[in-house]
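Take a look at the structure below.
We did not get these values from a lab; they are worked out from the coordinates using the rules stated. Every value quoted in this text rests on a predicted model; they were computed, and no experiment measured them. Positions of Cβ are backbone-derived with ideal geometry, glycine not excepted, and every protein chain shown enters the neighbour counts.
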Amino acid sequence: MVNIAIFASGNGSNFENLVKEIQNGHVDNATCKVLIIDKEQAYAKERAQKLGIPCVYVNPKAYGGKEGYETEIMKVLKEYDVELIVLAGYMRFIGKVLLENYPNKIINIHPAYLPNFPGAHGIQDAYNAKVDFTGVTVHYVDEGVDTGQIIHQEKIMIDPSWDLETLEEHVHAKEYDMFPRVLKMVCEQIEK
Ligand code: GAR
């Protein structure tokens, strides 16, 4: 069993989906020990409460920079004995403290087919570019922006009649389907 922490900044629908897939046994080799949020009002917090998952807010501005901030996060991760960090809509770069303490143990979901459309607006950017396809990628996190080694990715063909909202729905549906499967696979590798 792999102890995970999920990091989120806002809505938290991927967080909720992952926890439900763990709780219903579809992901049977992970335990979600804690949700970490970097925004006090993140809606993910309400979801955590309903799901019975501890939620810890760490204020990025309260510790004199990224190193201090991540050192504070490290205390929480140690307290919960976390082995794998799962970024699910965490809109902040990972710095050297977390990267050094969790080498190849931080994964992220990105709502595009990397290396296409990295950054904070993957769905909108793909939509605006009028490309034929986009997708969802889960990758290891390194010091770059959405540049780490790709673990798994799946395509979504874009129907030209779709508006942005329809594309968003398709991307999120793909995320909810894919992320639990990839998490299970990553945890299997850790357990080996
Ligand atoms: C998700 O679509 C996730 O892929 C994206 O933020 C959304 C969070 O939604 N992440 C990024 O864009 C990271 N660059 P959620 O809070 O409802 O899970």
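Annotations
- Take every DSSP beta bridge whose two residues both sit in the chain; close to 40 percent of them are antiparallel.
- Positive dipole terminus of the chain, leading residue within Thr137, Val56, His170 (C-beta point charges): Val56
- Pairs with C-alpha atoms separated by more than 30 Å, drawn from the list Lys105/Lys130; Lys66/Lys155; Lys33/Lys66; Lys20/Lys155, are Lys105/Lys130; Lys66/Lys155.
- Using alpha carbons only, the radius of gyration of the chain set against its Kirkwood radius gives Rg/Rh = 0.96.
- On full extension, the segment bounded by Lys61 and Ala173 gains 37.0 nm, given 0.36 nm per residue less the C-alpha separation.
- Spin-label zone in the range 127-143 - amide nitrogen under 16 Å from a point set 7 Å from the Cα of Glu154 along the C-beta vector: 134-139
- The sum of -39500 (n - 2.57) across all DSSP H runs of n ≥ 4, divided by the residue count of the chain, sets its helix-only mean residue ellipticity at 222 nm to -12500 deg cm²/dmol.
- Checking every one of the chymotrypsin sites (Phe, Trp or Tyr not before Pro) in the range 86-192 against DSSP loop status and a limit of 16 other Cβ atoms within 10 Å picks out Phe93, Trp162.
- For the chain, a crude dipole built from +1 on the beta carbon of Lys and Arg and -1 on the beta carbon of Asp and Glu, taken about the Cα centre, is about 440 debye to the nearest 20.
- Based on C-alpha pairs under 8 angstrom that are at least 6 apart in sequence, the range 1-135 has a relative contact order of 25 percent.
- Dipole-positive endmost among Tyr102, Gly119, Ala88 within the range 71-142 (Cβ charges, Cα centre): Gly119
- Linear extension gain, Val131 paired with Glu188, 0.36 nm per residue minus alpha-carbon span: 17.0 nm
- Between 0 and 90 degrees, the angle of helix 13-23 with respect to the longest Cα principal axis of the chain falls at about 70 degrees.
- A simple count of charges around Met91, restricted to other residues whose Cβ falls under 11 Å of its Cβ and scoring Lys, Arg +1 and Asp, Glu -1, yields +1.
- For the range 108-159, a simple Cβ point-charge model (Lys and Arg +1, Asp and Glu -1, everything else neutral) yields a dipole of about 100 debye relative to the Cα centre.
- Extension gain (nm, one decimal) between Ala120 and Gln41, 0.36 nm per residue minus Cα-Cα: 26.5 nm
- For the pair Lys50 and Val76, a Förster radius of 25 Å applied to the C-beta separation gives a FRET efficiency near 0.75, rounded to the nearest 0.05.
- Taking label points 7 Å from Cα along the Cα-to-Cβ direction, Asn29 and Trp162 give a separation of 3.1 nm.
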